[in-house]
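Data block below; observations after.
Only the coordinates and a few stated rules stand behind these numbers; no lab work does. Predicted model only: the values in this text are computed from it and were never measured. Glycine also receives a Cβ, built like all others from the backbone with ideal geometry; neighbour counts cover every protein chain displayed.
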Amino acid sequence: MGDSESSNGKSIDQLPAALLGTIMTKLDVASICSVTATCSNFKSCTSQILSFLTHFHLLDVAPSMGIIRPLLPPNPYLTSLKMHCGQLDDKATDLMLRPSLHELCLYNCVDFSGKLLFEIGRHCKDLRSLYLGSVAEKRGRSIHITDLEELLGGCTQLEELVLMFDISLFLRHNFARVWALASEKLISLEIGYISSVMVTELLSPNLRSHRSTNNIQPSILPGIQKLCLSVDYITDTMVGTISLGLLSLTHLDLRDSPLIEPRITFDLTNSGLQQINQHGKLKHLSLIRMQEFLITYFRRVNDLGILLLADKCAKMESICLGGFCRVTDTGFKTVLHSCSSLHKLCVSHGTQLTDLVFHDISATSLSLTHVSLRWCGLLTNNAIRNLTSNIVLKMLDLRDCKNLGDESLRAISSLPQLKVLLLDGSDISDSGVSCLRYGVIGSLVTLSLRGCKRLTDRCISALFDGSSKLQLEELDLSNLPHLSDNGILALARSRVPISELRMRQCPLIGDISVMALASMQVDEDRWYGSSLRLLDLYNCGGITQLAFRWLKKPYFPRLRWLGVTGSVNRDIVDALARNRPFLHVATRGEELGVGPWDCSDGTYMHDYDEVDELEQWLQEGEEESNDEEMEDAEHNAQVE
């Protein structure tokens, strides 16, 4: 196939178009675009295939209107559309919205107005699942209550609704009335931000007219089973209203980020916890107080509140508690011993949580698979030794548990199914890290060693010797003061197929690391650092303009996220962003990532070769001018 000839001498051009079309329909959109760039026959088939695809998912890049138009021809068979809309606006609504859609996920809709909601309600009457992210966040864009009204009234088949933006701006006196129009089939609701008062008013039973024989109206959204809200304050009133009004609730996720220390009427207390799970169906509970704006806790909840909650938690499978600073070992231990079906436990900012909670965990019937104990500063190695008696653990988050050392790693190395291990800020050494190589490293998919100050280049050779096939995809080596280019050279030689590598705030990392990664050969058929999708080099002390030559194409063909320090040379950074328009270049220190995007739709995923054909096909004719612009920026920098 490499020279368009098969073994019997027939050209690929002689294959029937129908056969080529059938093959291409098995691919995802990115793969279809990629093969289009490799063969004239494939290119001629593409327009026909795009007219009857059932799924169109393009999340790796943010296409412009000009690029997306030929990719979305009229198609009565399209049922699922997922797109990154960072370069689109209201003009794209007619192109994207189809009556045939059952699933619609639009991310980063910052330049859209409320018209997007209005048009979805008008055109997508058969939607089952809807995700809208960051709508109207660009200055000058707005959403009106009538837009939400048209959406809820028009999409009568909706079962899952995710509105990841601030809906607290809607007028309160119309808000509950509009939500009364929502689909009776709606079972899952997630909202990016809403005030607790609006939630209470939305779900509170309203009085009917005095002539009605039944003066109590059932709660709005009676079929909701999953509710995820980010609010200003988690309060007793809101929790009680949710628990009383939503009879079928099985999954409750509430988080807040107070701007000021909450007063008692705007806070969660023991009384509020007692009201949770009144109907006994709850299986997943998450109550998190974030510290985004203010260091604050649930100061009005103590062990008594947790004991009252535990009485109704026998069937709980997942519990996440964040910011409960007055809860001691007694409260947390009660949760573990009361919830025999628990498989996920998350505690953050547990300032009074100690090793005693896990002292006799092996005597329980628990089979914990996911454990997160972030910012639990009193924990020591003893807790981890006892916790690892749960040999089915798949995720272990111990970030900012600063008293954990090498003994913890020896215990963790015995977990055969561990996929995610986060050790940020712990007191581990190169010697301790070497324990992972003889056990858990073969199963790990994600490993974070951020801020483990004692680690040096030796930790890389201790983990990766190149002798075994690893599954590791995400590695965080940020804020390691003793990590240098030698460590990254060792990583490149090990050929670990990492897709996300973070090395921010490493003063000894420089241009040589970028060169090594750009030249890294993961296997015999791929090179040019082909596995990396994310590379964070923000504030690395040795990065100069030389490194940017290795960040151009054809190097790092799969790269979609890059973190650098903009002050290195602003012109070169800007030229790189223009040279690779589908690469998200961050220069202000923001954390990189793809957020909640889910590209796993069960189809064959795109296998990038030495050249990213997807980007090549989308950018035909633009490469030459972009490369010249990059060279000009480098030349100007050298002159200066």
Apply the a/c threshold of 1.5 to the C-alpha gyration tensor of region 89-204 and tell me whether it is rounded, prolate or oblate. oblate
Approximate spin-label separation R300-H279, in nm, with each point projected 7 Å along Cα-to-Cβ: 2.6 nm
Taking 0.36 nm per intervening residue step and subtracting the Cα-Cα distance, what contour gain separates S271 from A586 on full extension? 108.9 nm
Two pseudo-spin positions, 7 Å from Cα along C-beta at K315 and at E159, lie apart in nanometres by 2.1 nm
Starting from the Cα-Cα distance between K185 and L546, subtract it from 0.36 nm times their residue separation and give me the gain in nm to one decimal. 124.2 nm
Under 20 Å from a label point 7 Å along Cα→Cβ of C325: give me every residue in region 295-311 with its amide N that close. 295-306
In nanometres, the difference between 0.36 nm per residue of separation and the alpha-carbon distance of M290 and S567 is 96.6 nm
Below 11 angstrom from the Cβ of I428, what's the summed charge of the other residues (Lys, Arg +1; Asp, Glu -1)? -1
Describe numerically, in nm with one decimal, the distance between label points set 7 Å from Cα along Cα→Cβ at S414 and at E137. 4.5 nm
Provide the net charge surrounding L81, with neighbours chosen by a C-beta distance below 9 Å and charges set as Lys +1, Arg +1, Asp -1, Glu -1. +1
Environment charge at V445 (Cβ cut-off 9 Å; Lys +1, Arg +1, Asp -1, Glu -1): -1
Count neighbours as other Cβ atoms within 10 Å of each site's Cβ, and list the chymotrypsin sites (Phe, Trp or Tyr not before Pro) in region 272-305 that are DSSP loop with at most 14 such neighbours. F293
